[in-house]
Amino acid sequence: MDVLDTWERRLDLAGRAIPYFVLVLTTAMYLVVGTDSYPTTAVNVGIAAATGLWMLWWFTLHPGWRSRPGLMGVFFVGILVAYGVLGLREPLFGFFSFAGYVYAVEVLPGRWKLAGVSATGVLAATSLHGGLPLPEPGPIAVYLIIVVFIVVIACTFTAFGHITTEQSRRRKQMVAEMAAMMRENAGLHAQLLIQAHEAGVLDERQRLAREIHDTLAQGFAGIITQLQADENPPRHVETALRLARENLSEARRSVHALRPPALVDATLPDALAEVAAGWADQTGVAASIHTTGAARALHPEVEVTLLRAAQEALSNVAKHARASRVGLTLSYMEDVVTLDVRDDGSGFDPGARTDGFGLVAMRQRVSRLAGALVVESEPGGGTAVSASVPAIPAGAVR
C-alpha cells in the first residue's frame, strides 16, 4: 500500500508539471520551426509567458485556492482564453491542450469537469483544423467530425479517470474506517481483558484475604497477645514481638493488591526515570529516558505492564548485553502508548535464540492487554525491545 501511495504522489506531481512542460516545449518548437515575423513571434511568446505566469500565480503558488470553485472557475476560463488565442494564432500551440484537460479534471467540480474537457476539445480541434472552417458544407463537416472525435475521446477518458479516482478514494476511506474500527475494537478488547483480569484478581484477592485473615493474621495476632502478656519481657521476646507485628502488617498489606511502590505516588514517566536511575546506579551503565507526546494518567494495568516491561528489559541488558548505555523512550500517542528500550550491547540473533522466561512473561503481560511486543537485534548491533499497548485512560474500567 505504501508503494502505491508513493507512486500516486509521484503521478500527481507529474500531472501538475505537464502544463508547464507542454507550454515550454511548444514555445521552444515554435521558436525553432516557426516562420512568423519578429513582431508576431514576440507577441505569441509574450502570450505564452503570460499563460505560464497565470498558471504559476493562480494554481501553483496558491494551493489553498484550489478548494474555492469560484476562483478556480476564473482560473480555468483564463486558461481556455489563453489556449484559444495561442491555438488560433499558431497551430503548433495545439499541444497546450493537455494543460486544459489536466486543469479541467483537477480544479472543476462534478459535471463541470466534462464541460471543461469538452471546451478544451473544441479548441484543440479548431487548432488542429488550422482555425474555423470555411462557410462551406465540406470543410464544416470535416471540422465537426474532428470536434466530435476529440471531444468524445477526451470525455470518455475523463469519465473513466473520474470513476477510477472516486473508487480509489472510497477504498481508501473504507480502509481508514476499517483501521479506525480495528483500533477501537482493540481498545475495547483490551478493556474487556482488563475487566476480566480485574474480576479474577478480585476473586483471588478475596480468597487470599479470607485465608490470610483466618490463618496468618489470626496466628500473628494470637502470638502478639501472648507476648504482650509479660510486663517485662526479655530481649528475645521483644524481638519476636517486633517481628510478629511487622509480619502481621505485611500480611494485611498483601491482602490489598497494591501497585508497585514506584507507581504509588508518581506518574509513569517519573516511575520509569526512578527505575532507570536505580538500575544505572546498580550496574554502572548509563541509562537515559525520554518521553514524547502528552503524558497522561493511564489505567493501572497499562502502567504496571509498561513498568514491568522496562524492569525486565533492563534486567536482560544487565545479564546479557554488556552494553555501555541504554535508552528508554515512552511515547504517548492517541490510541497507543509505546515503550522502547534500546541498548548498544552485543546483541543476538533472534532467529537462533528462543525467548527466555523474562521475555515470555513480558510478552504475556503485553498480550493480555491486546498489545504487541517486538524484539529487534543482531550480533554486535545491540537490541531494541518495543512494547505497545492501548492507551486506556485511568478510570476507564472499574
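The values are calculated or read from the model by the stated rules, or taken from the named source; none is laboratory data. Predicted model, so just to flag it, every value in this text is computed and none were measured. Quick reminder, even Gly has a Cβ in these numbers, built from the backbone with ideal geometry, and neighbours come from all protein chains shown.
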Checklist line | region 81-109, residues that are farther than 17 Å from residue 128 by Cβ and touching a residue at least 12 places away in the same chain (Cβ under 8 Å) | finding: 82, 102, 103, 104, 105, 106, 107, 108, 109
Next item on the list: Might you let me know whether region 16-28 holds any residue that is surrounded by 14 or more Cβ atoms within 10 Å (Cβ to Cβ), modelled with pLDDT under 80 and assigned to a helix (DSSP H, G or I)?
Entry: yes
Margin query: Looking at region 318-339 only, could you name the residues that are surrounded by 20 or more Cβ atoms within 10 Å (Cβ to Cβ) and modelled with pLDDT of 90 or more?
Written below: 323, 326, 328, 330, 337, 338, 339
Check: Is it the case that residue 164 is loosely packed, with under 13 Cβ neighbours inside 10 Å and either in contact with a strand residue (DSSP E or B) (Cβ under 6 Å, 6 or more places away or on another chain) or of a type in the set (Ser, Thr, Tyr) (or both)?
Finding: yes
Notebook entry, point to check: Of the residues that sit in region 114-128 and are over 45 Å from the mean Cα position of the chain (by Cα) and hydroxyl-bearing (Ser, Thr, Tyr), which one is farthest from residue 94 (Cα to Cα)?
Noted result: 126
Note to self: Against the conditions (1) surrounded by 20 or more Cβ atoms within 10 Å (Cβ to Cβ); (2) more than 24 Å from residue 379 (Cβ to Cβ), where does residue 270 fall short? Just the number, please.
What the structure shows: (1)
Next item on the list: Test each condition in (1) under 21 Å from residue 96 (Cα atoms); (2) in contact with a helix residue (DSSP H, G or I) (Cβ under 9 Å, 6 or more places away or on another chain); (3) part of a helix (DSSP H, G or I) for residue 139 and report the one that comes out false.
Entry: (1)
Checklist line | Matching entry among 31, 92 (being more than 25 Å from residue 151 (Cα to Cα), surrounded by 11 or more Cβ atoms within 10 Å (Cβ to Cβ) and not aromatic (Phe, Trp, Tyr)) | finding: 31
Next item on the list: Within region 299-312, work out how many residues are within 11 Å of residue 269 (Cβ to Cβ) and within 24 Å of the chain's Cα centre (by Cα).
Entry: 2
Margin query: Out of 50, 99, 104, 115, I need the residue that is surrounded by fewer than 18 Cβ atoms within 10 Å (Cβ to Cβ) and under 19 Å from residue 20 (Cβ atoms). Which one?
Written below: 50
Note to self: Show me the helices (runs of 4 or more DSSP H) found entirely inside region 30-124 where at least 2 residues are among the hydroxyl-bearing types (Ser, Thr, Tyr) and modelled with pLDDT of 85 or more.
What the structure shows: 38-55
